[in-house]
Structure formats: structure tokens, C-alpha cells
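**Student:** The following block contains the structure, expressed as C-alpha cells.
The values are calculated or read from the model by the stated rules, or taken from the named source; none is laboratory data. Please read all numbers here as calculations on a predicted model, not as lab measurements. We place every Cβ from the backbone using ideal geometry, glycine too, and count neighbours over all the protein chains shown.
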Amino acid sequence: MREYSLFDFLEPRKPTSQVAPAPAVTLRPYQTESVDCVFAEWESGVNTTLVCLPTGCGKSVVFSEVIRRLCEQLKENENE
């Protein structure tokens with residue numbers, strides 16, 4: 001009997017140049033406020049920031065937006 005691995009069922013990965021970008025996500029007002037608060041904390045000199053949201057309120061979405069904005073800022077700084 002043949003043994004199978006998880007990799008036997010996965011499709012090969014596409015090169016990143018062939019992967020379509022994810023559609024834009026519209027943040028809810030409390031998520032936008034959370035993102036803005038993270039940046040406000042960082043600007044005030046606080047480097048250890050905690051975001052506390054209930055289960056299912058989109059903490060991953062919030063931190064994805066934080067990373068997106070941070071990358072945007074880094075690109076702007078490179079172009080200056």
C-alpha cells in the first residue's frame with residue numbers, strides 16, 4: 001500500500017510574478033481607529049504596542065493594514 005504525503009495533494013506554487021494581488025479590504029471604523037492608534041503610539045515613542053480586540057473583530061486585518069502602511073512609508077522614504 002502506498003503512503004501519501006500532504007505534498008502529494010498540493011498544487012505546485014506559482015512564481016510571485018504570476019500571483020494576482022488580493023482585492024482591497026475596507027476596514028471597519030474600529031479597525032481604522034486601531035491602526036491609527038498604533039501609529040500614534042509609535043510616533044509618541046512607544047515601541048511596544050498592544051492591540052486588544054474581541055474574537056472575530058479582525059486583528060489580522062488590522063495588522064495587515066499596519067504592515068501595508070509601514071511598507072508604503074518605507075517606499076516613500078526611499079524615493080526622497
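**Student:** Give the number of residues within the stretch 1-49 that are surrounded by fewer than 10 Cβ atoms within 10 Å (Cβ to Cβ) and closer than 21 Å to Gln73 by Cα.
**Tutor:** 10
**Student:** Just to be sure I understand the filter: pairs with C-beta atoms under 7 Å, separated by 6 or more residues or on different chains, first member in the stretch 40-67 and under 15 Å from Thr26 (Cα atoms), second member part of a helix (DSSP H, G or I) and of a type outside the set (Ser, Thr, Tyr). Which pairs pass?
**Tutor:** Pairs that qualify, where the first residue is under 15 Å from Thr26 (Cα atoms) and the partner is part of a helix (DSSP H, G or I) and of a type outside the set (Ser, Thr, Tyr), are Gly58/Gln31; Val61/Gln31; Val62/Gln31; Val62/Val35; Glu65/Val35; Val66/Val35; Val66/Val38.
**Student:** To continue, here is another question. Residue by residue through the stretch 10-52, note down the ones that are over 18 Å from the mean Cα position of the chain (by Cα) and modelled with pLDDT under 75.
**Tutor:** Those that are over 18 Å from the mean Cα position of the chain (by Cα) and modelled with pLDDT under 75: Leu10, Glu11, Pro12, Arg13, Lys14, Pro15, Ser17, Gln18.
**Student:** How many of the residues making up the stretch 24-80 are among the hydrophobic types (A, V, I, L, M, F, W, C) and part of a loop (DSSP other than H, G, I, E, B)?
**Tutor:** 9
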